[in-house]
Amino acid sequence: MPWNKDGGGGWQGGGGRGPWGQGPGGPSGGGRGPTPPDLDELIKRGQDSLKSLLPTGGRGTWLIPLILLLALVAYNSVYQVQADERGVVLRLGKYVRTANPGLHFAVWPVERMEVVPVEAENQTPVGSTQNEGLMLAADQNLVDIRLTVL
């Protein structure tokens with residue numbers, strides 16, 4: 001059933017009703033429910049409210065980059081030290097303090113925190129390969145030494 005433009009906006013042979021015998025608004029013949037707000041109007045209201053928040057009626061465009069810069073500094077200044085680690089705070093490369101586990105703040109461009117694992121066990125095996133542990137003693141004898149340095 002094609003749409004009939006000449007017949008007053010209804011379906012052909014339907015008398016203004018759809019193919020199931022109802023009008024365009026459903027069985028009650030009303031509208032399609034609440035209409036959604038106009039998108040352009042929402043954007044305009046959002047821009048107006050943002051301009052009212054800015055000083056000098058929207059001419060303070062320096063405020064947004066300043067807020068972004070402060071957010072970047074705050075993001076880079078917060079450090080978390082785990083339970084098996086310690087934090088070493090360096091101010092311009094020089095040792096300042098040691099931080100215990102937890103959440104810490106060190107001002108990012110000036111201070112830096114290096115997180116060091118203190119409860120990790122490092123092993124260095126010596127003599128684990130075939131000829132690595134062979135040494136010549138003072139009495140000209142070969143000694144095979146195998147050890148692990150912790």
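The values are calculated or read from the model by the stated rules, or taken from the named source; none is laboratory data. Note that this is a predicted model, so its numbers are computed, not measured. Virtual Cβ from ideal backbone geometry, glycine too; neighbours counted across all protein chains shown. Surface areas here come from the heavy atoms of the whole protein model, side chains and all, with no ligands, DNA or RNA. Shrake-Rupley method; radii C 1.70, N 1.55, O 1.52, S 1.80 Å.
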Give me a count of the residues in segment 73-120 that are within 25 Å of the chain's Cα centre (by Cα), open to solvent by 90 Å² or more (accessible area, probe 1.4 Å) and hydrophobic (A, V, I, L, M, F, W, C).
3
Can you tell me which condition Ile64 does not meet? The list is (1) among the hydrophobic types (A, V, I, L, M, F, W, C); (2) modelled with pLDDT under 80; (3) touching a strand residue (DSSP E or B) at 6+ places or on another chain (Cβ under 7 Å), and all the others hold.
(3)
I need a count of the residues in segment 94-124 that are in contact with a strand residue (DSSP E or B) (Cβ under 8 Å, 6 or more places away or on another chain) and part of a strand (DSSP E or B).
17
For segment 125-143, enumerate the residues that are open to solvent by 80 Å² or more (accessible area, probe 1.4 Å) and touching a strand residue (DSSP E or B) at 6+ places or on another chain (Cβ under 8 Å).
Glu132, Met135, Leu136, Leu142
